[in-house]
1. Would you point out the residue of segment A:201-211, among those that are touching a residue at least 40 places away in the same chain (Cβ under 8 Å) and under 15 Å from residue A:108 (Cα atoms), that is surrounded by the fewest Cβ atoms within 10 Å (Cβ to Cβ)?
2. Specify which of the listed residues (B:102, B:86, B:81, B:112) is of a type in the set (A, V, I, L, M), surrounded by fewer than 18 Cβ atoms within 10 Å (Cβ to Cβ), in contact with a helix residue (DSSP H, G or I) (Cβ under 7 Å, 6 or more places away or on another chain) and within 14 Å of another protein chain (Cβ to nearest Cβ).
3. Suppose we filter A:127, A:15 for residues that are charged (D, E, K, R) and over 26 Å from residue A:195 (Cα atoms); which single one remains?
4. I'd like the full set of residues that are in contact with a helix residue (DSSP H, G or I) (Cβ under 6 Å, 6 or more places away or on another chain) and in contact (Cβ under 8 Å) with a residue 60 or more places away in the chain, limited to segment A:19-43.
5. Which ones in segment B:31-59 are among the hydrophobic types (A, V, I, L, M, F, W, C), surrounded by fewer than 20 Cβ atoms within 10 Å (Cβ to Cβ) and in a strand (DSSP E or B)?
6. Would you be able to tell me the number of residues in segment B:164-184 that are among the β-branched types (Val, Ile, Thr) and in contact with a Leu (Cβ under 7 Å, 6 or more places away or on another chain)?
7. Before we move on, is residue B:76 within 11 Å of chain A (Cβ to nearest Cβ), within 14 Å of the chain's Cα centre (by Cα) and either closer than 25 Å to residue B:101 by Cβ or not in a loop (DSSP other than H, G, I, E, B) (or both)?
8. Just need a number here: residues in segment A:8-63 that are of a type in the set (D, E, K, R) and under 19 Å from the mean Cα position of the chain (by Cα).
Amino acid sequence: MAGKPKLHYFNGRGRMESTRWLLAAAGVEFEEKFIETPEDLENLQHDGSLMFQQVPMVEIDGMKLVQTRAILNYIATKYNLYGKDIKERALIDMYIEGVADLSELILHLVICPPGEKDAKLALIKERTTTRYFPAYEKVLKSHGQDYLVGNKLSRADIHLVELLYYVEEIDSSLIANFPLLKALKARVSNLPTVKKFLQPGSQRKPPMDEKSFEKAKKIFKIK
Amino acid sequence: MEGRPKLHYPNGRGRMESIRWALAAAGVEFDEEFLETKEQLQKLQNDKHLLFQQVPMVEIDGMKLVQTRSILHYIAEKHHLFGNNLKEKTLIDMYVEGILDLLEMIIMHPFLKPDDQQKEVVSMTEKAVVRYFPVFEKILRDHGQTFLVGNQLSLADVILLQTILALEEKVPDILSAFPHLQEFSVKISNVPTIKRFLEPGSKKKPPPDDIYVRSVYAIFAP
């Protein structure tokens, strides 16, 4: 008998947010156990819960899953958000890996030293408007369908729309020349499960502020 | 009818080597078109063959696949290297993702400043010996089987062997505290398709050298 999935992470976006989005979009209720102190993390490490001593970790269906992609792949498969055959899966994988690459740049923006922030921000904006957004806009244009793959909602749409929200937080003008991306964002945001997740009071996490950044650095022993 | 997969990448390991390993382990013959100049990369980009303007790119079954993990997953699923059910696939995923974190350090190593390279070997060795090897040693010890998952060859075995051999090139006794991994290394190396790949004349690429590093900068620097 499986209860709700239980997410182990600190109380912030980091590498767990894409899992929160995916579960929420799939309409799956989940619990969260927040790591608040270095001792909380050490306890998880010492009781053997973390295969590689790292979080994210998600307790789901009798397993303690680690590694963001393994977690997402499991959830996507279980809830039929990973395409209908091997070729759709290949497309979905390509699209989501591009999203992951840009998301990684944005993730690192939070932790990069103040002196490097401007250069990093410029790189993010450039990559967004010249590499990633054009690629996804082209995919949508090529088939004219509502979703990226197989004319059906998949994790590719969910991960991309999540990214579109982060890009909007950085600079809301970046999406200006990408009408199909704007339409996808609106469409996915209006799905009942996603709409609920986007409302205040959901388990969606806000951007990291200075205080929670300092707290995270302490927990993960980052200088 | 689909021909052999065709790999587009410089003539060296980098991010394409795992894909060469996976295809070889699956017994799939493939062709390679080596990127040697910036102009060649630009042509691929201008002809719109690269979804995100990047390599690796593999032409396979009518698709131009990019992104290392997408390519690895496709090969694994197509050639039965991904387990027999969702739970096995998930274990394989977890193991592969962990090993790829370690392999990432190996891939980036030649591009570090010379002063940082030796420090990084120490760091990689520590990560391997403290975080990753004990996990796989325990898995092998606990089930006593040859392969990591489901008693059959999977992508996890292939990528783990690739990583062990790459680390042994820098630190020959890196497996000294891990008898089961030593046995694993021998057994997986003797799987016929892998044995062939480990022989001279195969498409396995040599360790990165200065010439390789310089060519990468020449091709990819803006």
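The values are calculated or read from the model by the stated rules, or taken from the named source; none is laboratory data. Since the model is a prediction, treat every value here as computed from it, not as a measurement. Cβ sites come from the backbone with ideal geometry, for glycine too, and all protein chains shown count toward neighbours.
1. The qualifying residue surrounded by the fewest Cβ atoms within 10 Å (Cβ to Cβ) is A:207.
2. Values: B:102 fails: surrounded by fewer than 18 Cβ atoms within 10 Å (Cβ to Cβ); B:81 fails: surrounded by fewer than 18 Cβ atoms within 10 Å (Cβ to Cβ); B:112 fails: within 14 Å of another protein chain (Cβ to nearest Cβ).
Of B:102, B:86, B:81, B:112, the one residue that is of a type in the set (A, V, I, L, M), surrounded by fewer than 18 Cβ atoms within 10 Å (Cβ to Cβ), in contact with a helix residue (DSSP H, G or I) (Cβ under 7 Å, 6 or more places away or on another chain) and within 14 Å of another protein chain (Cβ to nearest Cβ) is B:86.
3. Just a single option satisfies the conditions, and that option is A:127.
4. A:21, A:22, A:24, A:25, A:27, A:30, A:35, A:38, A:41
5. B:34
6. Step one: filter segment B:164-184 for residues among the β-branched types (Val, Ile, Thr), giving B:164, B:171, B:174.
Still in the list and also in contact with a Leu (Cβ under 7 Å, 6 or more places away or on another chain): B:164, B:174.
Counting residues in segment B:164-184 that are among the β-branched types (Val, Ile, Thr) and in contact with a Leu (Cβ under 7 Å, 6 or more places away or on another chain) gives 2.
7. On the way: within 11 Å of chain A (Cβ to nearest Cβ): yes; within 14 Å of the chain's Cα centre (by Cα): yes; either closer than 25 Å to residue B:101 by Cβ or not in a loop (DSSP other than H, G, I, E, B) (or both): yes.
Yes, satisfied.
8. The number of residues fulfilling the criteria is 9.
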